[in-house]
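Participant: There's a structure below that I have some questions on.
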Amino acid sequence: MARALPRSASLRARRWDVLVLGGALSGLAAAVRLGSKGLRVCVVEEDEAARRPSFLREPFFLPGLGGKGPLDAALRELGLPPIERRDLVIDPVAFQVLLPDARVDVGRADLLGSELVSWGLAKPEEAERFVEAIAAAGEAAELRIGSLEWIRRGGLRGLARGGREAEPMPPLPELLRAPPPKLAPLLAAWTRACAGPAHAALPPEALARLLAAPLAGGACFARPDTGLRALLQRRIESLHGEFRSLSGPFRLVELGEDPGVTRIAQDDVWLGRALILNAPAARIGAALRSHGQEAPRWLDGPAPAAREVRIHARALRDAVPEPLARRAVLASAPSGCGSTDWPVTLLQEPSARGPQFVELVAGAVFPADHDASAAEDTLARSLGALLPFAGNRVRRANTLPQPLWDDESARFEALPGGWPFGLELRASRRAVYRLGREHVAALGAEGEILLGVRAGDAILADLA
């Protein structure tokens, strides 16, 4: 269990209703949900994570922010006013997939159909059937996802209520389960870039949703330092929530019934009626042990099987090929990193230095034990191959220290027992809750936001 503090520590303790440990999207969504119901919330991020530029922490693809889809509905449910989205631009092209012999703009239905025909990937009738199959499967997946019990009903105190079984997902059309050889590489790169799972196989609900999401186009932010994270952070702060950064060694503590954290060798004690673990539990436990601290049993959890590595480069805008979309999937290599089975994502973000510059972020998923420097060099080569004539108009930014425990890049293997995986939210008899992103990793950023909203509702009911 966490270390109990003496009663005298209450004199120096800061208190909130809910303490969120880690800066992942799911915890930010939960913080908004709880704050909107009147609870005082504090988000505690690791200093190395908090200092990273916002564009390095943004998801590659934001599905359905144009007025429909589960993510858009969840953000409306969180109360984000339309004025907060004033910098949001909806592009008919969600992203571009660069294959060995094609550069396919993936986006709205009419655009995607014409692209498949133009690049010789399908005949007109086959392209029409393919897009229709994606749209129909996507509608079924939305209904299925909307009916799921995200929080496992069974466990401790208020979460031990009976749940209901969701309607089963209809089988995917044959055209999607076993796509024609010319379309299979496109689908592989497309879905793996959007979800970034540590495993290749995706459950049918997730596969259908990832395929259908780009048909609504892509969401981009027009100004520097804006994005989904910034929207959620501003919303938390507007609800009188706070952000704190945590550097160096710390430990988990208890004071009376309240869990929290304290920085070792400092007087800071941060407590909440509830503590939400918004980072991989195994990483938090490893960080505690590395500082000679006890790690409670409820920090036992799956270790990440992989992690997304990203590099940042700054470029003059005229060094980037004009036909290259703002979101691109590099899948033109014959094998290895940058192939259809192991794609590289590339984001172009507005630069605070002025309109003549652009911030480039290249990323790919590597095994957890892969050397970080080697992974970054691999990504740099992929970026260099895409921009072979850029010369010194593209410069790689300095590598930033990686967070030790507040790790949004973690990717997990598929959990046994089928999908979706109801999350056992409550981690201990104290009010400690665990947001296990491995349960919804197959849905990417959309799954994280949905998990956060549902977890916020469950925690709110548990604290009532």
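The values are calculated or read from the model by the stated rules, or taken from the named source; none is laboratory data. Model, not experiment: these values are computed from the prediction. With ideal geometry, Cβ positions are generated from the backbone for all residues, glycine too; neighbour counts draw on all protein chains shown.
Participant: Just give me the residues in the range 331-345 being in a loop (DSSP other than H, G, I, E, B) and in contact with a Leu (Cβ under 8 Å, 6 or more places away or on another chain), in sequence order. It would help to see each step written out before you state the result.
Facilitator: Step one: list which residues in the range 331-345 are in a loop (DSSP other than H, G, I, E, B), which gives 331-338, 340-341, 343.
A331, S332, C337, G338, T340, P343 - these are the residues of the range 331-345 that are in a loop (DSSP other than H, G, I, E, B) and in contact with a Leu (Cβ under 8 Å, 6 or more places away or on another chain).
Participant: At positive phi, touching a residue at least 40 places away in the same chain (Cβ under 8 Å), surrounded by fewer than 19 Cβ atoms within 10 Å (Cβ to Cβ) and outside any strand (DSSP E or B): is that true of D267 in this structure?
Facilitator: Details: at positive phi: no; touching a residue at least 40 places away in the same chain (Cβ under 8 Å): yes; surrounded by fewer than 19 Cβ atoms within 10 Å (Cβ to Cβ): yes; outside any strand (DSSP E or B): yes.
The answer is no for D267.
Participant: Related question: Mind checking whether some residue in the range 411-423 is under 18 Å from I284 (Cα atoms), in contact (Cβ under 8 Å) with a residue 24 or more places away in the chain and either under 16 Å from the mean Cα position of the chain (by Cα) or surrounded by fewer than 22 Cβ atoms within 10 Å (Cβ to Cβ) (or both)?
Facilitator: Restricting attention to the range 411-423, the residues satisfying the condition of being under 18 Å from I284 (Cα atoms) are 411-412.
Now drop any that are not in contact (Cβ under 8 Å) with a residue 24 or more places away in the chain, which leaves 411-412.
So of that shortlist, the ones also either under 16 Å from the mean Cα position of the chain (by Cα) or surrounded by fewer than 22 Cβ atoms within 10 Å (Cβ to Cβ) (or both) come out as 411-412.
Yes, some residue in the range 411-423 is under 18 Å from I284 (Cα atoms), in contact (Cβ under 8 Å) with a residue 24 or more places away in the chain and either under 16 Å from the mean Cα position of the chain (by Cα) or surrounded by fewer than 22 Cβ atoms within 10 Å (Cβ to Cβ) (or both).
Participant: Can you say whether V32 is assigned to a strand (DSSP E or B), at pLDDT 95 or above, of a type in the set (V, I, T) and over 28 Å from R353 (Cβ atoms), as far as the supplied structure shows?
Facilitator: Numbers: assigned to a strand (DSSP E or B): no; at pLDDT 95 or above: yes; of a type in the set (V, I, T): yes; over 28 Å from R353 (Cβ atoms): yes.
Taking the combined requirement at face value, the residue does not satisfy it.
Participant: Which numbered condition trips up A374, out of (1) in a strand (DSSP E or B); (2) at pLDDT 95 or above?
Facilitator: (1)
Participant: If you take the residues in the range 284-317 that are in contact with a helix residue (DSSP H, G or I) (Cβ under 8 Å, 6 or more places away or on another chain), free of Cβ contacts under 8 Å to residues at least 40 places away in the same chain and not hydrophobic (A, V, I, L, M, F, W, C), which one is farthest from I264 (Cα to Cα)?
Facilitator: Out of the qualifying residues, it is D300.
Participant: Only one residue in L400, L383, L379 is more than 19 Å from D318 (Cα to Cα), in contact (Cβ under 8 Å) with a residue 24 or more places away in the chain and assigned to a helix (DSSP H, G or I), so which one is that? Walk me through how you get there before you give the answer.
Facilitator: Numbers: L400 fails: assigned to a helix (DSSP H, G or I); L383 fails: more than 19 Å from D318 (Cα to Cα).
One residue alone meets the criteria, L379.
Participant: Considering each of R430, R437 in turn, give the residue that is closer than 20 Å to E45 by Cβ and either crowded, with 23+ Cβ neighbours inside 10 Å or at pLDDT below 90 (or both).
Facilitator: Numbers: R430 fails: closer than 20 Å to E45 by Cβ.
Answer to the selection: R437.
Participant: Another question, then. Considering each of R353, R326 in turn, give the residue that is of a type in the set (K, R) and over 17 Å from A189 (Cα atoms).
Facilitator: On the way: R326 fails: over 17 Å from A189 (Cα atoms).
Of R353, R326, the one residue that is of a type in the set (K, R) and over 17 Å from A189 (Cα atoms) is R353.
Participant: While we're looking at this one, here's another question. State whether one or more residues within the range 358-366 are more than 21 Å from the chain's Cα centre (by Cα) and farther than 15 Å from R192 by Cα.
Facilitator: yes
Participant: Looking at (1) farther than 15 Å from D72 by Cβ; (2) out of contact with any strand residue (DSSP E or B) (no Cβ under 8 Å at 6 or more places or on another chain), find the lone condition where L228 falls short.
Facilitator: Single failed check for L228: (1).
Participant: Determine whether A287 is of a type in the set (G, A, S), outside any helix (DSSP H, G or I) and crowded, with 20+ Cβ neighbours inside 10 Å. Lay out the reasoning, then the answer.
Facilitator: Numbers: of a type in the set (G, A, S): yes; outside any helix (DSSP H, G or I): no; crowded, with 20+ Cβ neighbours inside 10 Å: yes.
Considered against the rule, which asks whether it is of a type in the set (G, A, S), outside any helix (DSSP H, G or I) and crowded, with 20+ Cβ neighbours inside 10 Å, A287 comes out as no.
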